[in-house]
Number of protein chains: 2
Amino acid sequence: MEQTVITTEHGSGGAATAALIDGIFAKAFDNPVLAQMEDSAVVPGAGEIAVTTDSFVVDPLFFNGGDIGRLSVCGTVNDLLMRGAVPKYLTCGFILETGLLVEELKCIAASMAATAKEAGVTIVAGDTKVVEGGGGLYINTAGIGFAQGREIGARQIQPGDVIILSGNLGEHHAAILSERLSIDTDIASDCAPLVEMVRALMTSDVTVHAMRDITRGGLATILKEMAETSGLTFELKESGLPVTPKVRDFCGLLGLDPLYMGNEGKMAVMVPESDADEALRLIRASAYGAHAAVVGRVSAGEPGQVVVETAVGGRRNIDVLRGEGLPRIC
Amino acid sequence: MEQTVITTEHGSGGAATAALIDGIFAKAFDNPVLAQMEDSAVVPGAGEIAVTTDSFVVDPLFFNGGDIGRLSVCGTVNDLLMRGAVPKYLTCGFILETGLLVEELKCIAASMAATAKEAGVTIVAGDTKVVEGGGGLYINTAGIGFAQGREIGARQIQPGDVIILSGNLGEHHAAILSERLSIDTDIASDCAPLVEMVRALMTSDVTVHAMRDITRGGLATILKEMAETSGLTFELKESGLPVTPKVRDFCGLLGLDPLYMGNEGKMAVMVPESDADEALRLIRASAYGAHAAVVGRVSAGEPGQVVVETAVGGRRNIDVLRGEGLPRIC
């Protein structure tokens with residue numbers, strides 16, 4: 001890799017592609033499976049596997065608290081965790097735009113490698129394509145986890161369940177928007193793999209009914225979708241939603257609602273009320289879970305409704321995100 | 001889906017994204033796993049699994065003999081097959097550019113669904129992102145197959161092996177280039193899933209040492225890579241390479257070498273000489289294998305060399321593709 005900028009030659013499939021792969025990806029993701037460089041990786045499996053995929057188009061590529069590489073590992077690892085699976089393998093597909101700095105690509109690969117290590121997953125297969133463009137890149141990661149034989153999902157939610165949020169809302173959204181608008185703030189993205197808190201819950205006596213990570217569309221969108229799938233009512237108290245003063249000020253300034261802002265290292269968990277204290281304790285003791293809080297309850301009232309009790313005592317039904325949201329947040 | 005063109009709203013993660021997924025992908029790929037719409041799919045696994053990923057950026061999206069959707073299924077299915085695995089699951093990540101016609105996306109999804117059915121794989125997870133652009137799209141597919149407990153790969157190739165090519169060279173490359181240059185030809189892409197011929201080989205008494213599908217960089221690039229990995233010499237006869245008269249004329253016109261042209265439905269297979277007749281018979285009797293031929297032999301001569309005996313009796317060493325190749329061929 002003597003070149004400093006990506007060119008169409010790196011997409012040839014020939015010598016330049018091989019040099020790119022050897023010089024950057026094989027080095028950063030170094031492991032015996034990937035080193036075989038065959039058409040596909042053969043790895044140990046399990047009786048039941050969890051499978052997911054996510055593409056990342058975040059703009060800018062680097063932001064306070066993370067970068068597209070860390071994001072691409074966290075997003076997919078978290079999707080596996082949300083079904084109670086143990087994340088094991090990642091694949092990564094890079095679509096590079098011509099003009100991308102090789103140095104930036106190296107940083108992103110290093111960030112992916114570090115995050116994969118933190119999350120305990122191995123990158124077992126990859127692919128690189130090049131398109132004409134303005135120096136950006138897109139990353140797809142697909143993930144495979146070993147399922148643990150427990151049904152976890154919106155269909156398992158029961159009336160009487162408590163809704164726990166693993167931490168403060170809105171940080172990733174606020175960090176990306178700050179970068180894009182050049183707003184001077186020190187709000188950092190919450191981008192993180194939730195491996196530790198999910199492992200703590202799954203190896204405890206807590207009965208986990210459902211988990212969902214909070215990404216595009218925010219808490220409102222995922223809760224509305226889960227309420228519809230479960231056919232139950234979710235009731236939240238606006239005053240109980242954990243938001244830092246900095247993010248609250250940021251939202252006030254720009255007229256944003258934290259309920260619709262994307263995170264990248266937070267989840268909502270539904271557990272029976274009897275397990276709520278233990279679940280909260282376990283999450284708070286885990287990495288990235290210090291600010292976890294009970295934010296709502298599930299009832300059998302009106303199927304598919306999410307009702308928020310506002311700070312002044314009113315009630316409003318909330319819906320999924322309508323309209324554009326923030327483009328290219330992840 | 002009442003809108004006719006993709007907009008940034010379709011990337012929000014909210015209502016418009018859900019309408020896009022329900023209206024197009026969930027319909028086209030309809031199956032009980034995908035219908036659960038959870039963060040990841042939980043599916044039956046196996047003791048050993050094969051894993052691969054591939055992104056597709058082909059330009060144009062539709063071409064004689066296929067489209068980006070068919071290509072995205074074939075490419076990944078073929079990569080699983082090349083390790084002797086039985087392809088089972090695909091994930092698909094769509095990156096849509098604003099301006100893409102919804103009608104085109106529907107055609108592409110339908111083509112993916114039909115090709116997945118032909119190949120016997122289920123699309124179990126998906127993701128959709130939207131970026132600003134000129135109406136194009138990129139597709140990533142990751143694939144999971146059940147490995148069959150046999151070591152198949154370049155390291156298994158032995159001196160004395162015969163190299164079989166499953167059909168004619170260069171069709172996909174010539175078809176894409178014809179579209180791009182508006183050359184009036186009826187050469188169609190060979191884009192196809194090689195499930196049937198691989199199953200025939202794997203369930204026979206033939207000892208398969210290695211298989212590799214021929215994509216970017218052409219036969220020359222994959223053979224050179226395999227020769228280097230195996231530490232052996234591959235000897236080919238130029239006159240024995242199967243190329244149709246139409247593709248040969250096309251190459252003559254544009255100064256192209258079929259050895260470096262990409263296919264998307266062809267493979268090279270290495271088997272012991274004693275199994276060559278049976279392997280050839282099985283491939284020829286399979287879908288997409290009618291024009292299979294023995295094209296070369298493996299010896300222990302010079303490690304990592306691929307030597308071609310030219311039509312006039314000379315010998316030349318061939319290398320991997322140097323330079324650009326044809327941009328965005330797959």
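Just so you know, all these numbers are worked out from the coordinates, no wet-lab data involved. Remember, it's a predicted structure, so these values are computed and weren't measured experimentally. As a convention, Cβ positions derive from the backbone with ideal geometry for all residues, glycine included, and neighbour counts pool all protein chains shown.
Quick look at the numbers
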read-out	value
Taking only Cα atoms of chain A, radius of gyration then Dmax in Å	20.6, 66
Long-range amide H partners of A:ILE123 with built H, under 5 Å	A:LEU90
For B:GLU324, label point 7 Å along C-beta direction: distances to other copies, nm	3.5
The range B:77-209 - percent relative contact order, Cα under 8 Å, separation 6 or more	34 percent
Extension gain, B:LEU254 back to B:ARG155 (0.36 nm per residue minus Cα-Cα distance, nm)	32.0 nm
MRE, 222 nm, helices only [DSSP H, n ≥ 4, -39500 (n - 2.57), over the protein assembly as shown, to nearest 500]	-8500 deg cm²/dmol
Across A:LYS88/B:LYS27; A:LYS106/B:LYS266; B:LYS106/B:LYS246; A:LYS129/B:LYS88; A:LYS88/B:LYS88; B:LYS246/B:LYS266, pairs whose alpha-carbon gap is larger than 23 Å	A:LYS88/B:LYS27; A:LYS106/B:LYS266; B:LYS106/B:LYS246; A:LYS129/B:LYS88
Under the Debye formula (equal points on every Cα, no solvent term), log10 I(q)/I(0) of the range B:204-330 at q = 0.10, 0.11, 0.18 Å⁻¹	-0.32, -0.39, -1.10
Tilt relative to chain A, helix A:102-119 - C-alpha long axis, 0 to 90 degrees, to 10	50 degrees
The range B:195-201 - phi-based ³J(HN,Hα) in whole Hz, Karplus 6.51/-1.76/1.60, Gly and Pro as x	4, 5, 5, 6, 4, 4, 5
Antiparallel bridge percentage (DSSP; both residues within the range B:8-146; nearest 5)	70 percent
Residues A:LYS106 and A:ALA300, FRET efficiency given R0 of 60 Å [Cβ-Cβ distance, rounded to 0.05]	0.65
Paramagnetic reach from A:LEU181 in the range A:201-234 [backbone N under 16 Å; point 7 Å along Cα→Cβ]	none
Inter-label distance for B:ALA188 and A:ALA290, nm, one decimal - labels placed 7 Å from Cα along Cα-to-Cβ	6.4 nm
Residue among A:GLY304, A:GLY134, A:GLY69 with the largest mean-square fluctuation in a Gaussian network model of chain A, springs linking Cα atoms under 10 Å	A:GLY134
Ascending count of other beta-carbon atoms within 10 Å, so fewest first, for B:MET202, A:MET112	B:MET202, A:MET112
Virtual paramagnetic centre 7 Å along Cα→Cβ of B:SER204, amide N under 19 Å, in the range B:162-187	B:162-168
A:MET37-A:LYS237 FRET efficiency (beta carbon distance; Förster radius 51 Å; 0.05 resolution)	0.40
Rel. contact order, % - alpha carbon contacts under 8 angstrom, at least six apart, chain B	22 percent
Under Karplus coefficients 6.51, -1.76 and 1.60, residue-wise ³J(HN,Hα) of the range B:297-303 in Hz, glycine/proline x	9, 10, 9, 9, x, 9, x
Packing rank of A:74-82, B:193-201, where each peptide gets the mean count of other beta carbons within 10 Å, highest leading	A:74-82, B:193-201
